[in-house]
Amino acid sequence: MKILRTVSDLQSFSRQAKAQGKSLGLVPTMGALHAGHISLMKEARKGCDTVVASVFVNPTQFNNKEDLATYPRTEEADCRLLEKAGVDAAFIPAVEEVYPADENAAAAHVFDLGEVAEVMEGAFRPGHFQGVAQIVSRLMRWANPDRAYFGEKDFQQIAVIRRMVSTEKIPVEIVACPILREADGLALSSRNVRLSAEARNVAPGIYRTLRESVEYSQSHSVEATRSHVESAINALPLCEVEYFAIVDSLSMQPVSDWNSPNGTQGCVTVYCGGVRLIDNINYRSGH
Ligand code: AMP
């Protein structure tokens with residue numbers, strides 16, 4: 001596996017693959033890789049001739065300095081996992097490579113992300129999606145992938161990226177991959193390593209509550225289901241819901257009944273022993 005440190009390395013790697021007529025898949029990550037990330041690499045491996053993963057803790061998407069400072073960084077282990085997953089190249093740039101200090105003002109472009117970015121994570125993490133759009137659009141322009149792979153764990157992020165590539169006219173197919181979970185249901189996340197033993201014990205209750213709410217929803221209104229889930233998760237020890245929203249699976253806008261033609265998604269953010277965890281469920285498929 002090649003390690004690419006500079007933008008020009010990434011651009012040449014991509015040009016070379018394209019010149020050989022190969023399709024290219026891009027998998028953006030912030031590292032501290034786990035099996036959830038690796039499932040995206042495997043999807044990309046199946047769908048594309050060449051796979052590039054990026055490992056970059058993107059400062060512009062953190063609205064909390066402490067979260068950025070304490071974000072786990074495990075480059076050596078990440079490289080071993082990527083190599084084992086059959087990734088062809090890992091792009092691991094320094095911050096100044098992605099955001100040069102002398103960058104001109106035009107590069108600090110404000111993205112038109114529309115209503116999908118205004119609710120939930122957009123409302124609770126000001127600036128977060130602008131930062132995501134900045135990094136993902138740059139990676140896409142440099143790597144020029146045919147397909148880019150994202151996990152449904154960050155359900156709203158996929159909607160925002162679809163919107164971004166459409167308004168920015170970036171010719172790439174967005175592939176959404178299912179959430180990988182621990183055997184007890186907890187969604188895999190780089191932040192799980194921060195959970196205390198006690199918090200790790202209660203955290204699976206988040207997904208258990210979401211799952212149980214699928215049956216509950218069959219005989220209750222959206223608002224009754226919403227408030228039931230919020231109370232049930234708040235009743236778990238150490239857990240405090242930041243928001244639980246039941247939204248249209250495409251527009252991300254809150255719904256008032258279960259008849260949404262695009263499907264209905266329940267999206268939750270919970271502080272569990274002080275660690276911010278997110279998860280979601282689709283009310284049609286039940287997972
Ligand atoms: P991150 O490193 O947290 O920015 O995540 C990089 C990519 O991996 C994003 O597209 C995430 O949605 C995806 N991802 C993270 N956790 C999981 C998971 N448990 N299952 C599937 N995809 C995931």
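The values are calculated or read from the model by the stated rules, or taken from the named source; none is laboratory data. Remember, predicted model here, so these are calculated numbers, not experimental data. A quick note on method: Cβ atoms are made from the backbone with ideal geometry, for glycine too, and the neighbour counts reach across all protein chains shown.
Quick check on region 21-31. Is at least one of its residues without any contact (Cβ under 8 Å) to a residue 60 or more places away in the chain, on the phi < 0 side of the Ramachandran plot and within 16 Å of the ligand (Cβ to nearest atom)?
The answer is yes, given that some residue of region 21-31 is without any contact (Cβ under 8 Å) to a residue 60 or more places away in the chain, on the phi < 0 side of the Ramachandran plot and within 16 Å of the ligand (Cβ to nearest atom).
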For this session: Kindly indicate whether T74 is within 16 Å of the ligand (Cβ to nearest atom), in contact (Cβ under 8 Å) with a residue 24 or more places away in the chain and within 13 Å of the chain's Cα centre (by Cα).
Result: no
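More than 26 Å from the chain's Cα centre (by Cα), of a type outside the set (F, W, Y) and over 14 Å from L277 (Cα atoms), is that true of S213?
Working: more than 26 Å from the chain's Cα centre (by Cα): no; of a type outside the set (F, W, Y): yes; over 14 Å from L277 (Cα atoms): yes.
So S213 fails the test.
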Exercise. Looking at region 175-193, which of the residues that are among the hydrophobic types (A, V, I, L, M, F, W, C) and away from the ligand (no atom under 11 Å from the Cβ) is farthest from the chain's Cα centre (by Cα)?
Worked result: A183
For this session: Give the residue that is farthest from A199 (Cα to Cα), with candidates limited to residues of region 265-287 that are among the hydroxyl-bearing types (S, T, Y) and out of contact with any helix residue (DSSP H, G or I) (no Cβ under 8 Å at 6 or more places or on another chain).
Result: S285
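Can you give me the number of residues within region 46-66 that are acidic (D, E) and loosely packed, with under 13 Cβ neighbours inside 10 Å? Give the derivation first.
At the first step, the residues of region 46-66 found to be acidic (D, E) are 49, 66.
Now restrict to residues that are loosely packed, with under 13 Cβ neighbours inside 10 Å: 66.
Residues that pass the stated criteria total 1.
Answer with yes or no whether L40 is away from the ligand (no atom under 15 Å from the Cβ) and in contact (Cβ under 8 Å) with a residue 40 or more places away in the chain. Quick ask: steps written out before the conclusion?
Working: away from the ligand (no atom under 15 Å from the Cβ): no; in contact (Cβ under 8 Å) with a residue 40 or more places away in the chain: yes.
So L40 fails the test.
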Problem set entry | Meets criteria (within 16 Å of the ligand (Cβ to nearest atom), modelled with pLDDT of 95 or more, outside any loop (DSSP other than H, G, I, E, B) and more than 21 Å from N282 (Cβ to Cβ)) for N201 | no
Seminar exercise, completed: Contact list, first residue from region 253-265 and more than 19 Å from Y243 (Cα to Cα), second anywhere and part of a loop (DSSP other than H, G, I, E, B), beta-carbon distance below 6 Å, six or more apart or interchain, is N262/S249; N262/L250; G263/S249; G263/R284
Exercise. Do we find that G86 is in contact with a helix residue (DSSP H, G or I) (Cβ under 7 Å, 6 or more places away or on another chain), loosely packed, with under 15 Cβ neighbours inside 10 Å and either of a type in the set (S, T, N, Q) or under 30 Å from G21 (Cα atoms) (or both) in this structure?
Worked result: yes
Exercise. Looking only at region 116-174, which residues are away from the ligand (no atom under 13 Å from the Cβ) and acidic (D, E)?
Worked result: E118, D146, E168, E173
Exercise. Are there any strands (runs of 3 or more DSSP E) wholly within region 71-181 with 2 or more residues that are closer than 30 Å to A245 by Cα, and if so which?
Worked result: 147-151, 173-177
